[in-house]
1. For A:GLU44, work out the one condition from (1) more than 18 Å from B:ILE100 (Cβ to Cβ); (2) within 8 Å of chain B (Cβ to nearest Cβ); (3) surrounded by fewer than 18 Cβ atoms within 10 Å (Cβ to Cβ) it doesn't fulfil.
2. For the condition more than 21 Å from B:ILE100 (Cα to Cα) and within 13 Å of chain B (Cβ to nearest Cβ), what is the one hit in A:HIS10, A:HIS29?
3. Could you grab me the full set of residues in segment B:85-111 that are in contact (Cβ under 8 Å) with a residue 40 or more places away in the chain, outside any strand (DSSP E or B) and closer than 22 Å to B:MET29 by Cβ?
4. Working only within segment B:6-20, note down all residues that are under 25 Å from A:ARG111 (Cβ atoms) and surrounded by 12 or more Cβ atoms within 10 Å (Cβ to Cβ).
5. Pull up segment A:95-110, narrow it to residues that are closer than 14 Å to A:ILE5 by Cα and touching a Ser or Thr at 6+ places or on another chain (Cβ under 9 Å), then point me to the one that is farthest from the other protein chains (Cβ to nearest Cβ).
6. So in segment B:35-60, with the set limited to residues that are surrounded by 19 or more Cβ atoms within 10 Å (Cβ to Cβ) and part of a loop (DSSP other than H, G, I, E, B), which one is farthest from the other protein chains (Cβ to nearest Cβ)?
7. Hey, can you tell me all the residues within segment B:62-84 that are closer than 27 Å to B:SER94 by Cα and in a loop (DSSP other than H, G, I, E, B)?
Amino acid sequence: DAGVIQSPRHEVTEMGQEVTLRCKPISGHNSLFWYRQTMMRGLELLIYFNNNVPIDDSGMPEDRFSAKMPNASFSTLKIQPSEPRDSAVYFCASSLSQLATNEQFFGPGTRLTVL
Amino acid sequence: DQQVKQNSPSLSVQEGRISILNCDYTNSMFDYFLWYKKYPAEGPTFLISISSIKDKNEDGRFTVFLNKSAKHLSLHIVPSQPGDSAVYFCAASSGTYKYIFGTGTRLKVLA
């Protein structure tokens, strides 16, 4: 099993540019999560999808952030326009279901730097 | 407003000794707790979990203790090995998908 796949692994962009992060969850998993990791706040849940439907986007910081899941094997997180304070590591994770006892498997992350 | 707190950003331990990582939480609705381990340039990986109906769960060298009255959990690693050097995240859930993570503790095991 390839695990959760994320691309790109690193992204450097300038303030005001659009950034798109991509994720392929583990096949058969119906729950997908986007997290952001910062030193000050640790890992924060941005948005949760179940069966490709956004269920909880309460963690999305503001309207500049959007996420889609057009099918069971692909999701994107878009930031437009990007700002320096968006610099962080963004993780995608997937799990078999929404139960807490179903382990969330994380991808390797995308390190985003906004200059 | 951090509902899950890891107050020690870092910890150094000699190889073979015990490592104790601590975590405090504020929400009494949390009933499931987890520890994740993260190596540099990799995503977090699940390590061990505990339900609120237990006060201890053990898996090999790793044991998690839960003190509900103190809203405190700890991860014990015995004996510590250099390969255990990583960042450890504590997380809590009220039974659903929503994991609330702490800010992490960086463990360094010295050979």
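1. Condition (1) is where A:GLU44 drops out.
2. A:HIS10
3. B:SER94, B:GLY95, B:TYR99, B:GLY102, B:THR103
4. B:GLN6, B:SER8, B:LEU11
5. It comes out as A:THR110.
6. B:PRO44
7. Passing the criteria: B:LYS68, B:SER69, B:ALA70, B:LYS71.
One line per residue, one yes/no per condition, for (1) part of a strand (DSSP E or B); (2) among the charged types (D, E, K, R):
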| residue | (1), (2) |
| --- | --- |
| A:GLU44 | yes, yes |
| A:TYR48 | yes, no |
| A:PRO54 | yes, no |
| A:PRO81 | no, no |
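The values are calculated or read from the model by the stated rules, or taken from the named source; none is laboratory data. This is a predicted model, so every value here is computed, not measured. Cβ coordinates were reconstructed from backbone atoms using ideal geometry, including for glycine residues, and neighbour counts include every protein chain displayed.
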